[in-house]
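The values are calculated or read from the model by the stated rules, or taken from the named source; none is laboratory data. From a predicted model like this one, the values you see are computed outputs, not experimental measurements. A quick note on method: Cβ atoms are made from the backbone with ideal geometry, for glycine too, and the neighbour counts reach across all protein chains shown.
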C-alpha cells in the first residue's frame, strides 16, 4: 500500500517558478499624477506582464530602469528579486525580499517568493509559516491567493514524499485540492497549470494521476508562457510517457535552450 501514497512530485521547483500578481501596492500616488508618473506606472505594469510570461531578462531591464529613479519602489524591487530567484541566485533574491518586508511586512508577493526559497532549501516549516502569514492578509487578490495555494500543494507534496505512512495520509490527501483551488482562483497563471499538470503526471493513479489531464494542463502552461523552461521539461516528460518521442525531443531541447541547469532536466537525466 505504501507505494500508492508516495506522491512523488518534484513540484515545478515552482520552476522554477512562482509568479505573483503585484498590483503596484507601493506605487500609488495621491492627487493628480504627472506624465512622468504615468509612464513609470505603465513601465512597471509592462515589466510585471513580461515576468508573468517568463520574459525575465526583458522584465529585469525595466525593473532596473524604474529603480534608477525610484530606488524604494517595492514592486520593482520584488520583480528584481523574483528574477534572481528564478535564476537560482537565492542569496541576492533573499536580500532584496528582506529589504521589502522590512518596509512592508504585508507585501504578499515577497512573502510567497521567500516561502519558495525556504521550500527549496527544504525548510518546510518556515515555508508554511510564511504562506499562512500571507493568507491572513485581508487584501489578498485572486492571483496572490492562487500562488499561496500552489505553495501549500508543494509543501504538502514534499512532506508526503518524505514522511512515513501516516504523513502520506495526512498530507497526500490534500495536494490535488490545493492545486485545483489555485487553478480555480487564477486560471490565467501558468504556474497553476504547471502545478496541477505536474501532479497529474507524477502522482499514482490511485490518488489522481492521469496522463491525459497532465498533457492538457502542461500544454496550457506552455501556451501561456512559451519561455517557461520547467513547463517545457514537464511537457517533454508527459510526451515521453505517452510514447510520442518526436514531441518529447522537441520540448526537451527547448527546455535545454531556455535553462540548461533546470532542476527538471536533471531529474529527467537521472530517470530517462
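List of remarks:
- Residue match in segment 193-214 (condition: in the same structural domain as residue 247 (by TED's automatic domain parsing), modelled with pLDDT of 95 or more, out of contact with any strand residue (DSSP E or B) (no Cβ under 9 Å at 6 or more places or on another chain) and not in a helix (DSSP H, G or I)): yes
- All conditions but one from (1) more than 29 Å from residue 157 (Cβ to Cβ); (2) surrounded by fewer than 15 Cβ atoms within 10 Å (Cβ to Cβ); (3) touching a helix residue (DSSP H, G or I) at 6+ places or on another chain (Cβ under 8 Å) apply to residue 42; the one that does not is (3).
- Residue match in segment 236-249 (condition: modelled with pLDDT of 95 or more, outside any helix (DSSP H, G or I) and either more than 20 Å from residue 58 (Cβ to Cβ) or not assigned by TED's automatic domain parsing to the domain that holds residue 197 (or both)): yes
- Filter result (part of a loop (DSSP other than H, G, I, E, B) and closer than 19 Å to residue 191 by Cβ) within segment 106-135: 107
- Scoring residue 64 on the criteria (1) at pLDDT 95 or above; (2) over 22 Å from residue 130 (Cα atoms); (3) buried (at least 16 other Cβ atoms within 10 Å of the Cβ) leaves a single failure, condition (3).
- Residues in segment 182-200 that are more than 13 Å from the chain's Cα centre (by Cα) and within 16 Å of residue 140 (Cβ to Cβ): 184, 185.
- Count of residues meeting criterion [in a helix (DSSP H, G or I) and over 12 Å from residue 255 (Cβ atoms)] in segment 222-235: 2
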